[in-house]
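To start, the structure itself, in structure tokens.
The values are calculated or read from the model by the stated rules, or taken from the named source; none is laboratory data. Note that the structure is predicted; figures quoted are calculated from it, not measured. Ideal geometry is used to build each Cβ from the backbone, glycine not excepted, and the neighbour counts take in all protein chains shown.
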Amino acid sequence: MNNIDNDKKDLNIILNLIDKKNFFEAKVLVKKLMKGSGLSATLKNIEGYCNNELGDTNLAIQCFEEAIKLDKLYKHAYFNLGLTYQNKENYHKAVQYYSSALDIDSGYYQANLNLAFCYKQLKFFEDSINFYKKAIDLKPTLPDAYNNLGLVYLAQKKFQSALNCFKKTLEISPNMKAVYNNVGLTFINLKNYREAILNFKKVIDSNLNNLNFNNYEVYNNIALALYHCGKYHEAFKFCNKALDDNVNFIKGYWVLSLIQKKLGNYKESLEAAQKCIVLNKNFYPVYTQLINLYCETCQHEKASDLINNILNLKKEQYETFDSEDIQVSIFHYNYLSNFQNDKYIKLVEIFKNNFFKQQNTQTHNIIKNEKVKIGFLSADFKEHAVSLQLIDVFRELYKFSDIELYAYSNWHIEDHITQSLKSSFTSFKKVFDMSDFELINLIRYDKIDVLIDLSGHTAGNRLTIFNTRLAKLHITWAGYLASTQIPNMDYIIADNFTIPVDQEKNYSEKIIRLTSWSVLEKIDNIEVSDFSPCNSNNFITFGSFNNIAKIHIDIIKLWSKILTNLKDSKIFLKNFQFDSLELRNIIKKKFLEFGVLEKNIILEGNSKRIDLLNCYNKIDIALDTFPYSGGTTSLEAASMCVPILTKTGNSFLSRCGESVNMNLGLSDWVCKDDNEYFEKALKFSNKEFLNSTKFKLKRDKNSFPIFNSKNLAKELVFSIKAILDKKSN
């Protein structure tokens, strides 16, 4: 209770009852007192407080409103109204009443503190920071404001500021061990999982003898950290500890679902994710997990239903989303055969409206540098499809005397590809632990002329920094083969086949057309067979090494039709996801249902890249997926001189296979529909024809644009300089 007149005997009795949590008796005495001495704002406020504690929030609100009518300057009634709405998670209303309390008394500590909390929940982070700082100014020796301010900085990804606040909290209150949980969460965001686990365990160790302390949230955070470390079995144990302590812990089932998927237990992963929905249908982080699971288990129609649910939510419901939740939906929507561009744009609009606050500042570098500075921003400077495509391009770009390359890596782990890439850049900086504000300032400090985003809406992206102008020219390329649909993204790199002129209307960006949208690194240490494997096998082997999420039920039906109409033919699918026996059985069952014999189905899991490439020597024809066609996969098949049967589509993503084939001179291998795809699969399954095709691909390989990184680099530099010159004029 706040500021109650303790001089009156009856009020003291009421307060004592409230201290003892005898709210019903206290309420009876309040009513009795009001009958005897008349209504007052103080008594109505106390009655409202008792109603709140008794669970009758509507009656509590009515009492607080009556208190305000009795005394419009009674700050405690405004505060308690704010608190009531805060507890109901109606943060907009709570802000209104806390603000009214502060209009009466700007030095009201608890109102400043609670208003700051509500602003944080509404993601008005700067307002939240301001009011937490006011609370700190009022009572600098109390720890709560420092701790909560740290949580705001954590939400803003200002990790060092967050750690400083948590450190200050512990200096003031060393026994406030729960703060170590927040420190651990910060280290998870910094991808320092070892430090995260050490801090989480400090919370547990400090409460070993506290029988009333429940560790389930901390256990779950340890499980999440171990999950990110790849220690899935150990993570599973801690996650179960969390759920043993709280069988209705939603986040526990969410983390359990993540872990089970990594363990290859798709059924259990789905069950855990669906349990989250049962407990709270508005727990949206699990939507992204379910969409992912449905796509990988050939249940794309269920993924489509979930995405439609997201599209139909009310505006305020998006406030509980993380940017990643929306972007996973954006990315996975491309997998669906019922893809519609207007729905895609609506998904991006949800992302922009909630996480992309456009700024009008134009403080990028306008001075002409001696050399053109090109920055590349990506989370994939590692053994990843993007780097495998562009590693030789970077080497060629580095040779230009009037170009400087800057890499901004949004990933914390380096591998042999990372080390190889570094030599191609004037500057290579890790930025995964930087806030958007810090990253924006770094790019501006580097005076970048052209900033090329290599992630789009994929994992680890930093698209939110494009809410302002960072360079003279912003380009998206390679990592996400679709329109970002965000302001300030000026161009997308494509070719004449991936984005024909009549499809430009579907892109918010202008088009830079190169001979090929991308290339593949030069592969010298793999021997390509001289003959198609059917030459010795006496049967045709079809293959697809694409991500399993690209393979929906209509594709399996079509591929099965091909297999059942071509005697002894086999299908060879290979991807890391098939490390899961359960997933292999799910996909195998789909083929069996369409009449394919089990002996003709080959499913293989992860392997080293050299072994993956060698597997192309085992297939005669690569079958492309649709509507999400193969990108790097198609380039690899072409590099191994395996012809690709593909379908044309209506988007960049659905036309990559067509682009590869057109650049190989294989226009006959581009089909207009399923019927032609089926007919040509049978027609081209001819030993002599396949041997002849392979011979031509192998003979002419060095002349194909998709293997000419030097030419692509020249075209890119020419295009960029032309645009910059046009801008300067």
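Numbers for the structure displayed
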read-out	value
Scope the stretch 271-294; condition closer than 20 Å to PHE331 by Cα and not in a loop (DSSP other than H, G, I, E, B); matching residues	ALA273, PRO285, VAL286, TYR287, THR288, GLN289, LEU290, ILE291, ASN292, LEU293, TYR294
Helices (runs of 4 or more DSSP H) enclosed by the stretch 636-729 - at least 3 residues per element that are within 25 Å of ASN547 (Cα to Cα) and not assigned by TED's automatic domain parsing to the domain that holds ILE403	656-664, 674-683
Some residue of the stretch 269-288 being closer than 30 Å to ASN650 by Cα, under 19 Å from the mean Cα position of the chain (by Cα) and buried (at least 18 other Cβ atoms within 10 Å of the Cβ)	yes
Residue match in the stretch 12-25 (condition: charged (D, E, K, R), at pLDDT 80 or above and either over 50 Å from the mean Cα position of the chain (by Cα) or surrounded by 16 or more Cβ atoms within 10 Å (Cβ to Cβ) (or both))	yes
Lone qualifier among GLY605, GLY631, GLY595 - being in the same structural domain as THR541 (by TED's automatic domain parsing), closer than 21 Å to LEU514 by Cβ and not hydrophobic (A, V, I, L, M, F, W, C)	GLY631
Failed item in (1) in contact (Cβ under 8 Å) with a residue 60 or more places away in the chain; (2) part of a loop (DSSP other than H, G, I, E, B), with GLY595 passing the rest	(1)
Every residue from the stretch 487-518 that is modelled with pLDDT of 95 or more and in contact with a Lys or Arg (Cβ under 7 Å, 6 or more places away or on another chain)	ASP490, TYR491, ALA494, ASP495, ASN496, PHE497, THR498
Cross-chain or 6+ apart pairs with Cβ under 9 Å, the stretch 661-684 first and basic (Lys, Arg), then assigned to a helix (DSSP H, G or I) and crowded, with 17+ Cβ neighbours inside 10 Å	LYS680/TRP669
Qualifying position, being outside any helix (DSSP H, G or I), surrounded by 15 or more Cβ atoms within 10 Å (Cβ to Cβ) and not aliphatic (A, V, I, L, M), among ASN207, ASN199, ASN182, ASN248	ASN207
Residues of the stretch 121-135 that turn out to be assigned to a helix (DSSP H, G or I) and surrounded by fewer than 23 Cβ atoms within 10 Å (Cβ to Cβ), as a count	8
Hits in the stretch 309-361 (condition: in contact with a Pro (Cβ under 7 Å, 6 or more places away or on another chain), over 19 Å from GLY460 (Cβ atoms) and either of a type in the set (A, V, I, L, M) or crowded, with 16+ Cβ neighbours inside 10 Å (or both))	PHE339
Residues satisfying the stated conditions in the stretch 669-681, i.e. more than 19 Å from THR564 (Cα to Cα) and surrounded by 13 or more Cβ atoms within 10 Å (Cβ to Cβ)	TRP669, VAL670, CYS671
Qualifying positions in the stretch 405-424 - touching a residue at least 24 places away in the same chain (Cβ under 8 Å) and assigned to a helix (DSSP H, G or I)	HIS416, ILE417, THR418, SER420, LEU421
Which numbered condition ARG609 fails, given (1) in contact with a Ser or Thr (Cβ under 9 Å, 6 or more places away or on another chain); (2) modelled with pLDDT under 95	(1)
Residue selected from the stretch 377-404 under the condition among the acidic types (Asp, Glu) and either in contact (Cβ under 8 Å) with a residue 40 or more places away in the chain or surrounded by fewer than 21 Cβ atoms within 10 Å (Cβ to Cβ) (or both), by the criterion farthest from SER607 (Cα to Cα)	ASP402
